[in-house]
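What follows draws every value from the coordinates through simple rules; no lab data is involved. Computed from a prediction, not measured in an experiment: that's the story for all the values here. Neighbour counts are summed over all protein chains in view; Cβ atoms, including those assigned to glycine, are modelled from backbone coordinates with ideal geometry.
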Amino acid sequence: MGGDGKVHLGRRSGGEAILSAQDQDAMRGTIGARIIMPGDDDYDTARMVWNGLIDKHPGVIVRCRSAADVVSAVNFARKNDFRVSVRGGGHNVAGRAIAENGIVIDLSAMRGVIVDAKTGNVRAQAGALLADLDEATHEHGLAVPAGVVSATGVAGLTLGGGYGWLARGYGLTIDNCIGAEIVTADGAMQRVDRATRPDLFWALCGGGASLGVVTSFEFQAHPIPPKVWFAMPIYAMDDAEAALRNLRTFIPGAPDKLSILAALWSAPDDPAIDAAIRGQPALYVLGCYSGRFDEGEKAIEPLRTLAEPQEDLSVAAPFVEVQKLLDNDYPDGRRYYWKSHHFGQLSDDCIDTMVALARERPSALSSLDLWVLGGQIAAADPDASAFAHRQAPLMLNIESNWNAPAEDEHNIQWTRYAWERLERFSSGGMYVNFGGLDTDREQLSRRAFGEHREKLVKVKQKYDPDNLFEGTVSLR
Ligand SMILES: Cc1cc2nc3c(=O)[nH]c(=O)nc-3n(C[C@H](O)[C@H](O)[C@H](O)COP(=O)(O)OP(=O)(O)OC[C@H]3O[C@@H](n4cnc5c(N)ncnc54)[C@H](O)[C@@H]3O)c2cc1C
């Protein structure tokens, strides 16, 4: 709000509108949902997202409580040519949930999850976090394949793809998404699935969030044992090259129900850990076995013996708790910049380069994460969704995480340097959901969708020809 009590809203065609007190009353009357504006007590909390690097000032935040609220907000924005963004869980690294100067359609109050225990059918409102989904399904001995940090949003995850601890066993989140309700740019509310508007459903599944506002998702959940085995050996960085070579040998025969993530990181700065290794550079090999509990300890054993671990924090725990094991490592407000590559193989040179880069990290909080893909991710029909690069057996995400604003430039530059050094090992593609900052958007848009991009652009033109929804990536 300007000092004059007026609200400034950016127009998509350029320039801005200034809403007088009378205009603001009219807007409240039209939209119906709670409207948060500059000057309101909770404006600063409502405009913040997870990444502390992002400091955007939207003109208006519409806190929706229903699909009808979303329809009103979409119509209001379209008719007045205002810039729009959509907020799910607020964990997009580039802060795409918030439109500078625009209208934020905020779904954070729409977190309900309903589970049909008989069919395993799960309906999640689009503001739900993974914790909401996991807790609701856990009660029934079920789980939906999702990501590995429970504070992140279901919406962004699903619209970008969705890798996690159940992915090798049951596929990506989108492979388990069976329908969605969406408000399109024309203000129409509709249900989409493989039979109804299949082109739109295809594009929603991994196509990068620029086709409309999804108000709810429907998923197929899977039975999960009361406890699962989770591997968490920590190896010294000096043993990382050898351990990763041994991991490379193990991967081709690994069971699909074992999902694996190796992180070149730092040992926990935790009094429970031997003081000599606390906070020191280290390799974690994380793995979750989602098959029968009595097979699990044996299934994760190869991950615990890739070298001599310095510590082994492996546990048997309910899946809902496994989903929270990494939560504390990604607090709100820390500074984050992430970029990914897919790899076709793990050569000696690639391993050595990754470990060398891990030793040079400017921040001990940063990591190089190697996601082992394959299994049901690769088995699914590659053309059944907009998601691309399904056949890549590995993904590397460079996660730069740090606290001090004075270190922004150094960490961002280092991430780009590391990404460029690793580019020669890339099999092509980048993951939409580990998407850098706005400055990386063009590159991400070009690389994320491979041969699906052309079809995706056509679907975008059909349902949002005026680009009301800018989404995570550009489909122009
Ligand atoms: C700590 C952390 C851990 C992560 N772990 C994983 C992981 O294990 N696996 C994985 O695959 N990814 C992972 N991610 C990536 C994560 O899935 C993405 O950052 C995702 O965008 C987060 O979704 P969100 O709803 O919280 O984000 P938001 O920032 O709210 O939204 C993300 C994008 O989707 C749009 N959007 C949000 N809701 C809607 C909606 N209802 N309709 C239309 N558009 C919408 C937004 O405008 C924005 O462009 C992780 C991210 C973080 C920060």
(message) Please compute the Kirkwood hydrodynamic radius over region 28-90, one decimal place, Å, based on all pairs of different Cα atoms.
(response) 12.5 Å
(request) List nothing, just return the count: lysine pairs in the chain, 8 or more apart or interchain, with Cα separation under 20 Å. (result) 9
(request) Would you tally the net charge around residue 466, using a Cβ to Cβ cut-off of less than 14 Å, leaving residue 466 out, and scoring K and R as +1, D and E as -1? (result) +4
(request) Measure nothing but the geometry: give the 0 to 90° angle between the long axis through the Cα atoms of 453-463 and the longest principal axis through the Cα atoms of the chain, rounded to 10°. (result) 30 degrees
(message) Give me the dipole magnitude in Debye, nearest 20, for region 213-321 about the Cα centre, with unit charges on the beta carbon: positive for Lys and Arg, negative for Asp and Glu.
(response) 320 debye
(request) Any chance you could list the semi-axes, whole Å, largest first, of the equivalent ellipsoid that the Cα gyration tensor gives for region 323-476, using √(5λ)? (result) 28, 21, 15
(message) Using a Förster radius of 35 Å, what is the FRET efficiency between residue 17 and residue 199 based on their Cβ-Cβ separation? Nearest 0.05, please.
(response) 0.55
(message) From the gyration tensor of the Cα coordinates in the chain, what semi-axes in whole Å does the equivalent ellipsoid have, largest first, with each one equal to sqrt(5λ)?
(response) 38, 25, 21
(request) Count the net charge of all other residues whose Cβ sits under 14 Å from the Cβ of residue 409, scoring Lys and Arg as +1 and Asp and Glu as -1. (result) 0
(message) What do you get for the angle between helix 67-80 and the principal long axis of the chain? Use alpha-carbon atoms, 0 to 90 degrees, nearest ten.
(response) 60 degrees
(message) Please compute the modelled spin-label separation between residue 270 and residue 439, points set 7 Å along Cα→Cβ, answer in nm with one decimal.
(response) 3.5 nm
(message) Over the chain, what is the relative contact order in percent, taking alpha-carbon pairs closer than 8 angstrom and at least six residues apart?
(response) 16 percent
(request) Could you bin all the Cα-Cα distances of region 234-379 into 10 Å bins starting at 0 and give me the percent of pairs in each, rounded to whole numbers? (result) 10, 40, 39, 11, 0
(message) Over region 92-219, what is the relative contact order in percent, taking alpha-carbon pairs closer than 8 angstrom and at least six residues apart?
(response) 22 percent
(request) Just report the Cα centroid separation between region 44-123 and region 193-223, whole Å. (result) 17 Å
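Counting only other residues whose beta carbon sits under 11 Å from that of residue 313, what net charge do I get with K and R as +1, D and E as -1?
Residues close to residue 313 contribute a combined charge of -2.
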(request) Taking the chain as the reference, fit the longest principal axis to its C-alpha atoms, fit the long axis of helix 21-31 to the helix C-alpha atoms, and give the angle between the two in degrees, 0 to 90, nearest 10. (result) 60 degrees
(request) For region 191-293, list log₁₀ I(q)/I(0) at each q in 0.23 Å⁻¹, using the Debye formula over Cα point scatterers of equal strength and ignoring solvent, two decimals each. (result) -1.11
(message) Give me the mean projected area, in nm² to one decimal, of the convex hull enclosing the Cα positions of region 1-148.
(response) 10.1 nm²
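More than 14 angstrom separation, counting every C-alpha pair in region 75-134; what % is that?
That tail contains 62 percent of the Cα-Cα pairs.
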(message) Can you compute the label reach from residue 81? Point 7 Å from Cα along the Cβ direction, backbone N cut-off under 20 Å, restricted to region 8-36.
(response) 8-20, 23-24, 27
(message) Quick check for you: which residues of region 92-136 have the amide N under 16 Å from the point 7 Å beyond the Cα of residue 324 toward its beta carbon?
(response) 129-136
